[in-house]
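Here, each number is a calculation from the coordinates, and none is a lab measurement. Keep in mind the model is a prediction, meaning the values are calculated, not measured. With ideal geometry, Cβ positions are generated from the backbone for all residues, glycine too; neighbour counts draw on all protein chains shown.
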Amino acid sequence: MRLATHRKRTFLALLSLALIATAVPGYQAWRDRHLPADLRGVVRADPSPLGAFRLTDHRGRPLGLESLMRQWTLISFGFTHCPDICPANLMQLTLTLELLAPDQQPAVWFISVDPERDTPDVLADYVGYFHPTMVGATGDTAELQALEQPLAAFHRTETPPPRQGADHHNNRVAHSADVYLIDPHGRYRARFAPPLRPADLARQYTLIRDSDRNGP
């Protein structure tokens, strides 16, 4: 009798696991079908939490996972000597903020992957040019990678061939150009690829934020 009961419980447990395994992908597929077409492939089906990281912001204050809590945040990687994609992204993010009411705006973080040149003072001047609420931050390689890895982001320094009079200020840094949306629980929720269009980004962000409020 006990053996039969044990077998029955085992069977029910396995059946429950099987139902969960099929229900979750089914729900995700249903949700994806009901997303606006331009959000498919942008919103992550399974939001993943970021791990611990520790950076320093443009005011010299620590910036970590706890800094992401209780707010929506857009993260852009780059460096202040970047000639094109970085200022373009930050300008489009600034225009996006201006399309949203102040109490609806996400935080915007510019994470420099060039800590040798981008000191807090340099970052303060740089982000201040774009928007007064924008946060600039950086850290050493290990600290940057702790934030990059959960986002599948990257950076690497590219040193040009040596020539007379050249120094480290001529270095370029290859890096991820996408913009990443983090929710108020510190989870990676969406990825926006350039070229960014402020009206589209503001609308997409609002849809994601509102669907989160209306979700289960």
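Pull up region 80-123, narrow it to residues that are without any contact (Cβ under 8 Å) to a residue 60 or more places away in the chain and in contact with a Gly (Cβ under 6 Å, 6 or more places away or on another chain), then point me to the one that is nearest to V173 (Cα to Cα). Once the filter is applied, the top-ranked residue is C86.
Please go through region 50-79 and give me each residue that is in a loop (DSSP other than H, G, I, E, B) and either touching a residue at least 24 places away in the same chain (Cβ under 8 Å) or surrounded by 19 or more Cβ atoms within 10 Å (Cβ to Cβ) (or both), ordered by number.
Across region 50-79, the qualifying residues are L50, G51, A52, F53, H58, R59, G60, M69, R70, Q71, W72, F79.
In region 182-207, the residues that are within 13 Å of D38 (Cβ to Cβ) form Cβ pairs under 7 Å with partners that are among the basic types (K, R) and surrounded by fewer than 21 Cβ atoms within 10 Å (Cβ to Cβ), at six or more places apart or across chains, as follows: A190/R44. Please enumerate the residues belonging to region 71-92 that are small (G, A, S) and in contact with a helix residue (DSSP H, G or I) (Cβ under 6 Å, 6 or more places away or on another chain). Answer for region 71-92, where residues must be small (G, A, S) and in contact with a helix residue (DSSP H, G or I) (Cβ under 6 Å, 6 or more places away or on another chain): S76, G78.
So Q145 ticks every box in (1) of a type in the set (S, T, N, Q); (2) surrounded by fewer than 20 Cβ atoms within 10 Å (Cβ to Cβ); (3) touching a helix residue (DSSP H, G or I) at 6+ places or on another chain (Cβ under 6 Å) but one. Which box is left unticked? Tallying (1) of a type in the set (S, T, N, Q); (2) surrounded by fewer than 20 Cβ atoms within 10 Å (Cβ to Cβ); (3) touching a helix residue (DSSP H, G or I) at 6+ places or on another chain (Cβ under 6 Å), Q145 fails exactly one: (3).
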